[in-house]
1. Condition test on ILE243, is it under 25 Å from LEU41 (Cα atoms) and out of contact with any His (no Cβ under 7 Å at 6 or more places or on another chain)?
2. Kindly indicate whether any position in the stretch 209-218 is in contact with an Asp or Glu (Cβ under 7 Å, 6 or more places away or on another chain) and modelled with pLDDT of 95 or more.
3. With respect to the numbered conditions (1) at pLDDT 80 or above; (2) surrounded by fewer than 16 Cβ atoms within 10 Å (Cβ to Cβ), which one is the sole condition not fulfilled by LYS324?
4. Restricting the search to the stretch 72-98, which residues are in a helix (DSSP H, G or I), among the aliphatic types (A, V, I, L, M) and surrounded by 21 or more Cβ atoms within 10 Å (Cβ to Cβ)?
5. Let me confirm something: among SER27, SER45, which residue is more than 23 Å from THR216 (Cα to Cα), at pLDDT 60 or above and of a type in the set (S, T, N, Q)?
6. So which residues in the stretch 180-193 are modelled with pLDDT of 90 or more and open to solvent by 40 Å² or more (accessible area, probe 1.4 Å), if there are any at all?
7. What residue, among those in the stretch 221-238 that are at pLDDT 90 or above and more than 16 Å from the chain's Cα centre (by Cα), is surrounded by the fewest Cβ atoms within 10 Å (Cβ to Cβ)?
8. In this structure, does PRO6 turn out to be open to solvent by 20 Å² or more (accessible area, probe 1.4 Å), at pLDDT below 90, out of contact with any Leu (no Cβ under 6 Å at 6 or more places or on another chain) and closer than 28 Å to ILE212 by Cα?
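The values are calculated or read from the model by the stated rules, or taken from the named source; none is laboratory data. Keep in mind that what you see is a predicted model, and the values were worked out from it rather than measured. Backbone-built Cβ (ideal geometry, glycine too); neighbour counts: all protein chains shown. To get the accessible areas, we keep the full protein, side chains included, count just its heavy atoms, and leave off ligands, DNA and RNA. Shrake-Rupley method; radii C 1.70, N 1.55, O 1.52, S 1.80 Å.
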Amino acid sequence: MLSLRPINMVAMGSRRSMSTGFSLEPSMVMQTIAPRVQSFLSSYSQREDDIDGDATFSPYSAKSNLDARGTSEVSGEDLAKWETPHLPLLTRKQLKMSLIEIARRQAHKKGVVKKRGEAAILVPIVAVEGVPSLLLTRRSSTLSTHASQISFPGGYVDEADSSGPFDDKLINASLREMQEELNFGIIELNGVSYGGRHDSRTDVEKPPFMSILGVTRPIPQFSGSMVTPVIASINYDLHAEFIDAIFPGNESEVDWIFSVAISDLAKNETTMPLRRFGKCDGSEVKGDHTILGPAYPVPKSDKKREGDVIWGLTAVVIRSLLRKVFKPALEGICVGSKPKL
């Protein structure tokens with residue numbers, strides 16, 4: 001349980017005008033939280049529970065699943081490709097499990113699995129009416145993959161992502177995908193900054209709309225592709241009723257853009273079977289070998305559908321970030337009327 005202290009919600013006197021008739025105000029909440037998040041991401045040092053612990057799924061994993069799936073089959077060379085010098089979201093055991101499961105599924109499909117390149121997702125932290133929250137989307141029901149699933153903006157790296165604006169193609173890809181999916185122009189909202197190496201503000205007297213805070217280690221997708229989470233802060237305080245106006249969304253890619261308070265995610269975590277560790281045909285494994293992963297409810301809304309839930313890769317990312325970054329970064333901060341974490 002965190003002990004919280006009050007801070008001011010919004011920095012007054014500096015406003016970002018919008019053509020829709022409202023203004024965005026720089027957020028004192030994010031000015032306090034963002035440097036802390038950045039510090040936790042950049043100062044990672046490997047701990048024992050990152051190797052053998054179960055920091056992401058414990059105590060939910062089945063008692064025998066690790067031994068049953070032969071985690072020793074993954075070579076050190078294979079692991080080294082994934083163990084970059086960044087904050088890990090999976091323990092080494094979980095990474096081995098994932099790689100073995102991917103190989104098992106690919107073998108079952110007899111080589112017809114098409115492996116695509118690297119991918120990146122953007123995890124936007126935002127103060128919604130002063131409350132630290134995450135911005136999420138529901139993918140369009142017409143998409144051929146992951147239709148109607150709750151996710152962070154993201155996608156595969158394109159060739160153009162290697163040429164800017166940053167020198168990191170994964171960060172470029174995550175920003176491009178966010179703008180494409182949410183259908184907004186980041187330059188029009190005063191640009192983005194990253195570690196002092198890039199600043200696309202059109203008004204240097206005001207904060208950039210977004211700041212890149214760091215990245216984590218990649219985690220495997222079903223295809224075997226590396227998915228790297230990019231963590232960013234939206235530096236202006238948003239009001240829930242204005243989210244649709246700021247981010248109208250690309251209806252061919254997403255049909256709902258919404259926020260969830262970080263405190264609600266911490267309080268309402270539950271579990272559900274992870275399909276990535278199911279049978280080859282995608283059906284659920286039951287009994288001692290069932291592997292339960294994190295899941296989170298979606299907030300009430302007239303856009304919410306029956307069955308909407310945050311699960312799978314998105315929930316795995318959230319759960320580990322909650323424990324390793326967000327909770328410690330929010331230590332001592334009181335925001336809005338939300339309960340303690």
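1. The answer is no for ILE243.
2. Yes - at least one qualifying residue is present in the stretch 209-218.
3. (2)
4. Listed by number, the residues that qualify are LEU95, MET97.
5. Numbers: SER45 fails: more than 23 Å from THR216 (Cα to Cα).
Criteria check complete, one pass: SER27.
6. Across the stretch 180-193, the qualifying residues are GLU180, ASN183.
7. ASP237
8. Taking the combined requirement at face value, the residue satisfies it.
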